[in-house]
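Heads up: the structure comes next, in structure tokens.
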Amino acid sequence: MKLSVIGAGYVGLTTAACLAQIGHDVFCSESDVEKLAKLQNGGMPLFEPHLEDVIKGVRKAGRLRFGSTEEAIAWGDAIFICVGTPPLANGDADLCAIEVVARAIAKRATGYRLIIEKSTVPVQTGAQLRKHLSVHSTNGLRYDVASNPEFLREGTSVEDFLHPDRIVIGADSPRAAGLLREIYEPIVQQKFTCPIHSGCPKRKDPIFLATDTNSAELIKHASNSFLAMKISFINMVANLCEVVGADVTKVAEGMGLDPRIGPAFLNPGIGFGGFCFPKDVQAFVRIAEKSGCDFSLLKEVEKINQRRVEHFVEKIRKELWVVRGKKIAVWGLAFKPNTDDVRFAPSITLVKALLAEGAAVRAYDPEATEKARAVLPEVTYCTDAYRAAEGADAILIVTEWDEFRQMDWNRLLSTVEQPLVIDGRNVFSPEQISGKGFRYVSIGRVDASPWQAAVGEKIDSSSLRAGNSVQEVPA
Ligand code: UDX
């Protein structure tokens, strides 16, 4: 089918590339001329595993082209709107870009078009779109408006698009529902050439959930807000564990074994970030407010999340006593691994707090350095984690990149000023790092120090939990 995708951000670019990968003829437009030129010249405006290769492949096959919004409107039988809906100061989603696209479609499109909102939008946006098109269309445009929220995660967006758990559509006409089913049939059947896995492991076919537009729009905000709530919940449990001497990793494991809870999104840390959770929770609170519902639960989810960084800074103060003048190594700046995105990343708030307390920050991130440099120019950016740790009074783990699991701790021991690791993502077990000669402080678990490990007394948190104190062994 001839499909158009308007907007080439994470969602738009992944959508355009993957729809072409499963066989459709796709036109993707981008209003940012620099970004468009980069894409037309084979460049990538963002880092996302597999995406560059998929784009190269489908462009070579002649199934993907980049151009202007006007060209995109003229091209596709169905038009996916994937423009940004950033948060406004009051937390509402900014729908200006959606309106601009709607106006252009109303003015330019002729014949029949299926207009699909894929951007994250508040409930009833589809209804607004329909009204807008009927008021402003001048060329006898016949259309349907449908909702098709996306659930892809940065860092795994291509895999999430091609191998989703579910495809949700909201359509108020059989024609629109039928067209969306046709568009996604190859994914529903899992019949396409997978660019990620040569022998694509057999997996459960995705569920194709067709509902009305309002419900589909709500599914998006409700899903993201629920996941954010799960994270804030386990972060509160982590705080409790720190006070009572329990192990949040075990608690999360015990909870997650209940299929009604599930193990996913129970990793405590320094808070959720990124361009989705923070703004979607805010927008959902506002949507509820405007409908007369006080979503106090989500307001608490936000507050808990906003306190995570301060809680982490308190750990740093406790370990370093005086932060001013200390050299602090920050490992990880991206809001999560496998992305170069630092939008609403806890790392940014954390580093700003450390700089404000007079610390010197040396940071390293495998992908996000340039994007971080744009918002944190005062930081010393290093080309690897070892350089960042040179002369450090503390090493902070802020993003759980895999490469931090392969570090040479003996080498680090010889380069740091003080063997201290404060882990904001529980990448290691306390014993692992204290056994390497470093004091290890983490989230929701008992701190561990090398001298405990050195006396060969196998400290397992269970004995600590039983209130046993570390016996001072005479030197
Ligand atoms: C999210 C949703 O997962 C995705 O379905 C939606 O389409 C877009 O928003 P994304 O923002 O890419 O995706 O990241 P995600 O992997 O969900 O992580 C969000 C944040 O939560 C990150 O900062 C991550 O570090 C944090 N997180 C995640 C936790 O702190 N603990 C967890 O257990 C999981």
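In angstrom, the C-alpha Rg and Dmax of region 200-242 are 16.3, 45.
For region 54-70, putting each phi into the Karplus relation 6.51 cos²θ - 1.76 cosθ + 1.60 with θ = phi - 60° gives couplings of 4, 4, 4, x, 6, 5, 4, 7, x, 9, 9, 9, 10, x, 8, 4, 4 Hz, in residue order, rounded to whole numbers and with x for Gly and Pro.
Averaging Cα coordinates gives a centre for region 403-420 and one for region 213-264; these two points are 32 Å apart. Based on protein heavy atoms only, the chain ends up with 44 Å² per residue of surface accessible to a 1.4 Å probe. Under the criterion of Cα pairs below 8 Å and six or more residues apart, the relative contact order for the chain equals 11 percent.
Quick one: dipole size for the chain, taken about the Cα centre, charges +1 on Lys/Arg Cβ and -1 on Asp/Glu Cβ, in debye to the nearest 20.
680
About the centre of its Cα atoms, region 177-275 shows a dipole size close to 260 debye [charges on the beta carbon of Lys, Arg (+1) and Asp, Glu (-1) only; nearest 20 debye].
Below 8 Å, C-alpha to C-alpha, sequence gap of six or more: please give me the relative contact order for region 328-437 in percent.
Contact order relative to length: 29 percent.
The residue among Gln432, Cys28, Gly178 whose Cα reaches farthest toward the positive pole of the charge dipole of the chain, with charges on the beta-carbon of Lys, Arg, Asp and Glu, is Gly178. Taken over the C-alpha atoms, region 125-179 has Rg and Dmax values of 14.8, 42 angstrom.
What does the net charge come to around Ile169 if you take all other residues with beta carbon closer than 15 Å to its beta carbon, with K and R at +1 and D and E at -1? Surrounding charge for Ile169 is -4. Applying a DSSP loop filter and a limit of 12 other Cβ atoms within 10 Å to the GluC sites (Glu not before Pro) in region 303-381 leaves Glu378. Per the Kirkwood formula applied to alpha carbons, region 101-223 shows a radius of gyration over Rh ratio, Rg over Rh, of 1.02.
Taking 1.306 mPa s as the viscosity and 10 °C as the temperature, the Stokes-Einstein diffusion coefficient of region 330-390 based on its alpha-carbon Kirkwood radius rounds to 141 µm²/s.
Rg/Rh, computed from the Cα trace of region 8-61 with Rh as the Kirkwood radius, has the value 0.91.
Rounded to a whole number of µm²/s, how large is the Stokes-Einstein D of region 108-157 at 37 °C and 0.692 mPa s, given Rh as the Kirkwood radius over C-alpha pairs?
267
Normalised Debye scattering of the chain at q = 0.09 Å⁻¹ gives log10 I(q)/I(0) of -0.68, counting only Cα atoms as equal scatterers and leaving out solvent.
Structural size metrics of region 70-122, computed from C-alpha coordinates, are Rg and Dmax of 12.1, 39 Å. Checking every one of the GluC sites (Glu not before Pro) in region 392-436 against DSSP loop status and a limit of 15 other Cβ atoms within 10 Å picks out Glu417. Compute the Cα gyration tensor for region 363-402, then decide on rounded, prolate or oblate, letting a ≥ b ≥ c be the square roots of its eigenvalues: rounded whenever a/c is under 1.5, prolate when a/b is larger than b/c in the other cases, and oblate in all that remain. Since a/c reaches 1.5 but b/c is at least a/b, the shape of region 363-402 is classed as oblate.
Seen from Val416, the other residues with C-beta closer than 14 Å to its C-beta sum to a net charge of +2, counting Lys and Arg as +1 and Asp and Glu as -1. Share of carbon and sulfur in the accessible area of the chain stands at 55%, probe radius 1.4 Å.
Give the shape of region 15-115 as rounded, prolate or oblate, defined through the alpha-carbon gyration tensor: a ≥ b ≥ c are the square roots of its eigenvalues, a/c under 1.5 means rounded, and otherwise the shape is prolate if a/b is larger than b/c and oblate if not. It comes out oblate by the Cα gyration axes. What the Kirkwood sum gives for region 284-384 is a hydrodynamic radius of 15.1 Å, with every pair of different alpha carbons counted.
Using the Cα coordinates of region 40-173, the gyration tensor eigenvalues translate into equivalent-ellipsoid semi-axes of 26, 20, 15 Å, sorted from longest to shortest. The distance separating the Cα centre of region 357-374 from that of region 291-323 comes to 22 Å.
Which listed residue (Val168, Pro149, Gln189) has the Cα farthest towards the positive end of the charge dipole for region 147-191, taking +1 on Lys and Arg C-beta and -1 on Asp and Glu C-beta about the Cα centre? Positive-most Cα among the choices belongs to Gln189. Any chance you could check the Cα centroid distance between region 24-90 and region 104-124 for me, in angstrom? Region 24-90 and region 104-124 have Cα centres separated by 17 Å.
The charge dipole of region 319-436, taken about its Cα centre with unit charges on the Cβ of Lys, Arg, Asp and Glu (plus for the first two, minus for the last two), comes to roughly 260 debye.
The values are calculated or read from the model by the stated rules, or taken from the named source; none is laboratory data. Please read all numbers here as calculations on a predicted model, not as lab measurements. Positions of Cβ are backbone-derived with ideal geometry, glycine not excepted, and every protein chain shown enters the neighbour counts. The protein model used for the area step is the full one, side chains on, heavy atoms only, and it has no ligands, DNA or RNA in it. Shrake-Rupley method; radii C 1.70, N 1.55, O 1.52, S 1.80 Å.
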